[in-house]
Amino acid sequence: MHAVRLHAFGPAENLTYEEVADPEPGPGQVLIEVAAAGVHLVDTALRQGLQLGPTPAPTELPTVPGREVAGRVTALGADVAPKWLGRRVVAHLGMVPGGYAELAVTGTERLHTLPDDVAPEQAVAVVGTGRTAMGILQFAEGLGPRDTVLVLAAAGGIGSLLVQYAHRAGAHVIGAAGGPAKTAAVRELGAHEAVDYRAADWTSRVSRKPTHVFEGVGGDVARAAVDLLAPGGSHLSYGYASTGFDPSGLAVLDETEQAARGVTSQVVLGEPMFAKIGGMRNLRVLEERAMARLADGTFRPPVHRFPLAHASRAHRALEERATTGKVVLTPCAPPWHPSAPGGRGRGVGAGAAEARPPSRGHRATATEPGPTGQGLGCAGRAARPAGAAVAEPGAVRGRAPERGPGGGPPE
Ligand SMILES: NC(=O)c1ccc[n+]([C@@H]2O[C@H](COP(=O)([O-])OP(=O)(O)OC[C@H]3O[C@@H](n4cnc5c(N)ncnc54)[C@H](OP(=O)(O)O)[C@@H]3O)[C@@H](O)[C@H]2O)c1
């Protein structure tokens, strides 16, 4: 199969697209032919060998990064019920990487069956990022029409889901994001107001004081947002994307200031989130809630697609704040996928350069050009020996990052 491997910690260009041996499902596991693989900002930290929160940096290299996949079950390990064979599924792989690949293995306890009308890209955009969103929203119970919600990085993976949730709850939604294209995207998501927080005076453009601030950005921009909070308001922090993975950038208020202003301010990722669901082992509960929100149309995740072969570009784009929505890698479409040559429906596979019209609940925002014509597609899949690297434009080892990435604690 083709997979993206990391041989040495470092910049995005260290991710190389290669032919490697197919994984084998062990007892209790299935083999998934991957149609979509999720990418996180956190993946860019792991790529550099950084340990963030409970997610350890890889201990063995080379590794195939990525922990979210959607696709079809094509083989079963021992002791797996035959019903799984052929099912369309999505899974968060847990602490085990292996997602940036044409084939992935995981245990049946991690699988969610996809309804027929849910595209793999949508599902993979929700299984992990949506579970984090639902984990955050546990701290905003009763959100409703009397509330004003300010979401930072509102065009991003988590941000877009929070905007959609708050809109559905009837709240007045203000989305803040970097640049006019992103603020336009935020309005499309359902925000009543969208402000560009790259402008120095952005807080003066916010029409009313928020009762809730949701932010995973940290730093000065988060502090400015928290200063807007209405008395009695709540600040929920779930990351620090703007601070180059430096947790000191968290914008949480100390107890004295919280008391003086009559607001609450807390980090909700990690232990506080796990405590609400009875421990980290119960993260599946949040996945199920997120998948239910996808099914009922609350979540309509915008997806920024890159061909699997261009994972390094996807990482770079995340680090450069050049993505909108959830970043998803798409391998060459397997024969059963609607986008495959001769398959049902329209193209979303490698090489598809157009944004696909939305299926139910889906809002494709961008599709990066695929590897067609660059010798990186499905053609010749069996021609290279396992371990042989495939030359990819930009996949040059050892070049230093142009700028520091941002990020936050992983789920
Ligand atoms: N996805 C998850 O499941 C998950 C889990 C745990 C924690 N988190 C944390 O939640 C936050 C959002 O994660 P996400 O996956 O949804 O990412 P994302 O929002 O899709 O991407 C990060 C966004 O943060 C903003 N940003 C501001 N300064 C940045 C910088 N210096 N470098 C990069 N981005 C910057 C950018 O939006 P603008 O251009 O609009 O500013 C960028 O698009 C991050 O802090 C992440 O670490 C995410």
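Just a few scattered comments:
- Sum of side-chain charges, ALA260 neighbourhood, beta-carbon under 15 Å (Lys, Arg +1; Asp, Glu -1): -3
- Placing pseudo-labels 7 Å out from each Cα toward the beta carbon at THR256 and THR203 gives an inter-label distance of 1.9 nm.
- Net charge of neighbours whose Cβ lies under 9 Å from the Cβ of ALA125, counting Lys and Arg as +1 and Asp and Glu as -1: -1
- For ARG146 and LEU50, the FRET efficiency from 1/(1 + (r/R0)^6), where r spans their Cβ atoms and R0 equals 41 Å, is about 0.50.
- The ranking of PHE139, PHE214, PHE245, PHE306 by Cβ neighbour count inside 10 Å, starting from the fewest, reads PHE139, PHE245, PHE306, PHE214.
- For VAL195, the residues 5 or more places off, or on other chains, whose built amide H falls under 5 Å of its own are GLY175, ALA176, ALA177.
- Residue by residue, segment 275-281 carries 3J(HN,Hα) couplings of 4, 5, 10, x, x, 4, 5 Hz when phi is fed to the Karplus relation 6.51 cos²θ - 1.76 cosθ + 1.60 (θ = phi - 60°); x denotes Gly or Pro.
- Normalised alpha carbon radius of gyration of segment 130-274 [divisor 2.2 N^0.38 Å]: 0.93
- Highest mean packing first, where packing is the average number of other Cβ atoms within 10 Å per residue, the peptides 216-225, 279-288 line up as 216-225, 279-288.
- Pairs of alpha carbons in segment 238-313 whose separation is greater than 19 Å (percent): 66
- Highest average packing first - 119-128, 32-41, Cβ atoms within 10 Å: 119-128, 32-41
- Taking 7 Å steps out from each Cα toward its Cβ at ASP196 and VAL96 produces label points 4.6 nm apart.
- Counting charges near ARG293 (Lys, Arg +1; Asp, Glu -1) among other residues having Cβ under 12 Å from its Cβ returns a value of +1.
- Sequence-ordered 3J(HN,Hα) estimates for segment 65-79 from the Karplus curve with 6.51, -1.76 and 1.60 and θ = phi - 60° stand at x, x, 10, 9, 9, 9, x, 10, 6, 10, 7, 10, x, 4, 6 Hz, glycine and proline given as x.
- Segment 1-144 - Kirkwood radius from inverse mean 1/r over Cα pairs (Å): 15.9
Each reported figure results from applying straightforward, stated rules to the coordinates on display, with no laboratory input. Since this is a predicted model, take the numbers as computed values, not measurements. Virtual Cβ from ideal backbone geometry, glycine too; neighbours counted across all protein chains shown.
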